[in-house]
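Asks: Below is a structure I'd like to ask you about.
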Amino acid sequence: MKKIKMYLIVFFITFVHLLITMLWLIEGSVDTSLSYTKNLLEYSKCSYPLSKNISVILNYSILIFGCILTYFTKNVTKKFTEKMTIPTYAYIVITTVLEVLNMENEISVVIQDLFNGFGTIIIIIITIIYIYVIRLYSIFYKIPTKLSKFSSSEIFKSHSHNEINPKENKFYLNQ
């Protein structure tokens, strides 16, 4: 049941964004105009309708809701948590800077593209480091040292029984 709720929430968010995009396409409200860079190179500049703000507000409200949930679940066992504070702050700051830069008309399109590209790359790298690299590092370097004094049969038995109390289990990473 919980997975269904999660999928419904993701579907709803996706549906809202698709609905807004489809309304833009049907109404033809995304305008493109011919613009020039400082070097007189030609490019097409998109002008989005004010309803783009609905998408931005929805994205930020989801982010705020996630931060609130994170605050309320801060006392959950460390085994089930990830240290995502820095990636969250990086995402908020970089996304806000990118939104402000994209709203400005006087900033060169080359600068906007550089910030958009590097901002996205920075967010992805930070997120990958905090989700995968740190986790893999702890798996490869911390588990063998803690578990090396126990036999593999003891480890297998401890993980195969469901009635083990996690606070009493000596094989858990975060004690």
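The values are calculated or read from the model by the stated rules, or taken from the named source; none is laboratory data. Bear in mind the structure is a predicted one, so any value in this text is a computation, not a measurement. Cβ: placed from backbone, ideal geometry, glycine included. Neighbour counts: every protein chain shown. The accessibility values were calculated without ligands, DNA or RNA, using every heavy atom of the protein model including side chains. Shrake-Rupley method; radii C 1.70, N 1.55, O 1.52, S 1.80 Å.
Asks: Using 0.36 nm per residue, how much length does the chain from LEU69 to LEU18 gain when fully extended, once their Cα-Cα distance is taken away?
Replies: 15.8 nm is the gain from fully extending LEU69 to LEU18.
Asks: Would you kindly find the accessible area of ASP31, with a 1.4 Å probe and non-protein molecules such as ligands, DNA and RNA excluded, rounding to the nearest 10 Å²?
Replies: Roughly 90 Å² of ASP31 is accessible to a 1.4 Å probe.
Asks: Do any trypsin sites (Lys or Arg not before Pro) in segment 1-39 lie in a loop, going by DSSP, with at most 10 other beta-carbon atoms within 10 Å of their beta carbon, and if so which?
Replies: Values: sites: LYS2, LYS3, LYS5, LYS38; in loops: LYS38.
Counting only loop positions with at most 10 other Cβ atoms within 10 Å, the trypsin sites (Lys or Arg not before Pro) in segment 1-39 are LYS38.
Asks: Could you sort MET22, MET84 by accessible area so the largest value comes first, with the probe set to 1.4 Å?
Replies: On the way: MET22 100, MET84 55 Å².
Sorted descending by solvent-accessible area, the residues read MET22, MET84.
Asks: Here is a further query. Tell me, what is the 1.4 Å probe accessible area of VAL133, in Å² to the nearest 10?
Replies: Surface open to solvent at VAL133 totals about 80 Å².
Asks: Continuing with the same structure: Nearest 0.05, what FRET efficiency do SER61 and ASN39 give at R0 = 25 Å with Cβ-Cβ as r? Each step should come with its number before you reach the end.
Replies: On the way: r = 40 Å, r/R0 = 1.60.
Efficiency computed from Cβ-Cβ geometry: 0.05.
Asks: While we're on this one: Accessible surface of THR95 in the full protein assembly, 1.4 angstrom probe, to the nearest 10 Å²?
Replies: Counting only protein heavy atoms, the figure is 30 Å².
Asks: Calculate how large, on average over all directions, the projected area of the Cα convex hull of segment 1-94 is; give the answer in nm² to one decimal. Show your work: numbers first, answer last.
Replies: Values: hull surface 38.1 nm².
If I average the Cα hull's projected area over directions, I get 9.5 nm².
Asks: If each of GLN112 and LEU25 carries a label point 7 Å out from its Cα toward its Cβ, how far apart are those two points in nm?
Replies: My value for the distance between the label points is 2.3 nm.
Asks: Report the charge-dipole magnitude of segment 1-94 in Debye, nearest 20, computed about the Cα centre from +1 at each Lys and Arg Cβ and -1 at each Asp and Glu Cβ.
Replies: Numbers: 10 positive and 4 negative charges, 146 e Å.
It works out to roughly 700 debye.
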